[in-house]
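Student: One structure is given below, represented as structure tokens, and several questions about it will come after.
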Amino acid sequence: MADTLRVTFLGGLGEIGRNCLALEQDGRIVVVDAGLMFPEPTMYGVDLILPDFRWLIERRDRVDAIVLTHGHEDHTGALRYLVKDVNVPIYGSPLTLGFARHRLSEAKVAKDLTFIEVADGERRRIGPFEVEFIPVTHSVPSAHALAFHTKVGVVVHSGDFKLDLTPIDGRRTDINRLAALGDEGVALLLADSTNAEEPGFTPSEASVGVALRRLFLERPERRMVVACFASHIHRIQQIADVAHETKRKIAFMGRSMEANVKLARKLHLLRVDSADLIDVENISRFSPGEVCVICTGSQGEPLAVLSKLSRGDARNFKVGPDDTVILSSHPIPGNEWSVGRVIDDLHREATEVIHSGQEPVHASGHARQGELRTYQQLLRPRNFVPVHGEYRHMVHHAELAVSMGLSPKHVLICEDGDQIEVSEKGIRRAGKVPAGFHYIDGSAGDLDERPLEERRMLAEYGVLLVSAGVDRASATIAQPVAISARGWFEGASDHELLLTLTSAVRTAIQEALAEGNLDSDSLSKVAQRAAGRLLGQRYRRQPVILPAVVVL
Ligand SMILES: [Zn+2]
Ligand SMILES: [Zn+2]
């Protein structure tokens with residue numbers, strides 16, 4: 001049999017989040033990333049969404065390693081669930097592993113794991129492959145693209161990237177190495193599609209520093225409070241730099257902010273003078289113009305610092321008319337509403353608010369069309385599969401690749417659960433594996449689709465309890481049909497409906513009794529169906545109906 005490489009997509013193709021895929025050669029498997037996704041507001045009580053790891057767990061004996069492209073949650077956040085069943089060495093840059101290890105320790109699963117740090121440009125044997133770690137620029141330092149040297153040729157995974165030519169740490173995407181791989185011949189490219197709908201080039205991270213500097217200089221008397229992602233070390237660096245330049249002391253707020261700053265300083269990836277730092281408790285000792293607060297909560301997360309500040313709930317520090325709050329971020333789809341509430345509440349405190357809709361205080365970490373074209377040109381892959389995006393992003397990315405000269409035969413749009421095979425001949429679909437959303441409810445544990453659907457119905461229509469008692473000897477209703485509801489009925493206006501409903505249920509039970517039905521469970525179903533039919537047909541309502549017909 002000719003050599004083939006199989007790729008199984010377990011997450012991230014069709015949504016932004018829970019990135020995970022598996023490369024397989026000669027029966028050996030290497031996993032790339034194990035990320036989580038945050039729920040939509042209608043996924044009631046869901047805290048996290050994971051990839052469905054069953055396919056990997058069933059093959060755990062064949063899995064050799066997990067390789068991480070970078071430290072973002074959508075690439076590392078599901079590790080703590082995966083490593084319980086698949087305990088294999090985890091590879092990544094020191095910062096990527098530092099972030100991952102911190103969260104694994106918090107979850108108390110880090111103890112028996114093996115972490116293997118890799119350096120930029122390093123090439124090493126991992127499972128059946130030689131793997132190269134190629135530096136790329138992104139919204140977290142030390143991110144990598146991966147080049148797998150396989151039996152069918154080089155497979156490049158772009159990681160999350162942009163082509164920032166003036167990165168804060170001077171560590172550019174290694175375009176030369178990518179071009180060399182292109183010359184060698186790339187059998188398959190898997191590349192980040194997040195911004196594939198956006199024309200042009202993503203601005204450099206450095207452009208954010210220019211905007212921040214101006215805003216700080218324009219406000220010498222004001223206390224500056226800047227919220228950003230705790231993992232965005234380069235953003236934090238730029239905020240700290242303008243704070244230093246404008247002679248402000250810096251207070252870091254937020255658990256993840258403090259932990260990440262500590263780690264990044266230890267790894268010499270963040271340079272902040274200890275003399276510039278103050279504790280939050282001491283903010284009031286300085287006049288507003290002497291202080292800069294750097295905090296979490298830029299996505300409106302209810303428990304993060306910025307939300308607490310906006311509600312006046314933070315200990316030791318309250319914002320008011322002397323403060324300017326900068327949201328150095330862009331809301332992730334789904335978070336717009338909560339970010340809006342936080343901005344509103346800050347206005348209630350008479351605080352000035354500046355966000356990315358008004359000033360260029362944020363730059364994306366993902367490549368736009370211009371950079372994606374450059375990438376295609378550098379690598380000139382024989383086959384291409386867009387990854388990391390919602391469906392429309394991947395379609396645009398595929399079209400872009402075709403417009404760059406790739407034959408549509410060699411471009412596949414895949415979704416979670418798809419398997420493909422790459423060989424000398426090209427690329428083909430090779431099957432499907434389970435890859436649905438795996439919901440985690442922090443208080444209840446795993447959650448299936450069904451209880452989640454019930455929660456949606458409860459939220460939309462409420463719940464109805466239908467009860468009655470039946471006397472077995474006489475086969476008659478002894479305890480009259482009673483209906484109580486939550487989340488819907490409102491006193492007198494629904495009185496008629498209640499009567500109609502009660503009567504419909506009573507009739508249905510009586511008919512069933514006349515047919516000799518004396519079983520509690522099946523009479524309960526009869527009552528449930530009668531109530532459901534009437535409410536659905538006449539009132540277009542689908543509450544959760546809990547029937548309790550008891551035969552005594
Ligand atoms: Zn990502
Ligand atoms: Zn990322």
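Since every read-out is calculated from the coordinates, none of them should be taken as a lab result. From a predicted model like this one, the values you see are computed outputs, not experimental measurements. When we count neighbours, we look across all protein chains shown, and the Cβ atoms used for this are built from the backbone with ideal geometry, even at glycine.
Student: Rg and Dmax of the range 124-215 over Cα atoms: what are they, in angstrom?
Tutor: 15.3, 54
Student: Could you give log10 I(q)/I(0) at q = 0.07, 0.10, 0.12 Å⁻¹ for the chain, computed by the Debye formula over C-alpha point scatterers of equal weight, without solvent?
Tutor: Values returned for q = 0.07, 0.10, 0.12 Å⁻¹ are -0.52, -0.88, -1.09.
Student: I would also like to ask the following. Net charge within 14 Å of Val549 by Cβ-Cβ distance, Lys/Arg positive one each and Asp/Glu negative one each, not counting Val549 itself?
Tutor: Residues near Val549 contribute 0 overall.
Student: Another question, if that's okay. Which pairs break 24 Å Cα to Cα here: Lys249/Lys318; Lys162/Lys425; Lys111/Lys262?
Tutor: The pairs that break the limit, which is 24 Å between Cα atoms, are Lys162/Lys425.
Student: Let me ask something else. List the residues, sorted by chain then number, that are 5 or more residues from Val325 or on another chain and whose placed amide H is less than 5 Å from its amide H.
Tutor: Under 5 Å from the amide H of Val325: Val225, Glu352, Val353, Ile354.
Student: Which of Ile545, Phe148, Leu327 sits farthest toward the positive end of the charge dipole of the chain, with +1 on the Cβ of Lys and Arg and -1 on the Cβ of Asp and Glu?
Tutor: About the Cα centre, the residue reaching furthest to the positive side is Phe148.
Student: Could you name the lysines in cross-link range of Lys432, using Cα to Cα under 28 Å and dropping any fewer than eight places away on the same chain?
Tutor: Straight-line reach from Lys432, under 28 Å: Lys84, Lys151, Lys409.
Student: At each listed q (0.11, 0.12, 0.13, 0.16 Å⁻¹), what is the log10 of I(q)/I(0) that the Debye formula gives for the range 462-551 modelled as equal alpha-carbon point scatterers?
Tutor: -0.28, -0.33, -0.38, -0.57
Student: Here is a follow-up. Please list, or write none, the aspartates and glutamates whose alpha carbon is within less than 15 Å of the alpha carbon of Lys247, excluding same-chain residues fewer than 8 places away.
Tutor: Partners found: Glu218, Glu221, Asp273, Asp276, Glu290.
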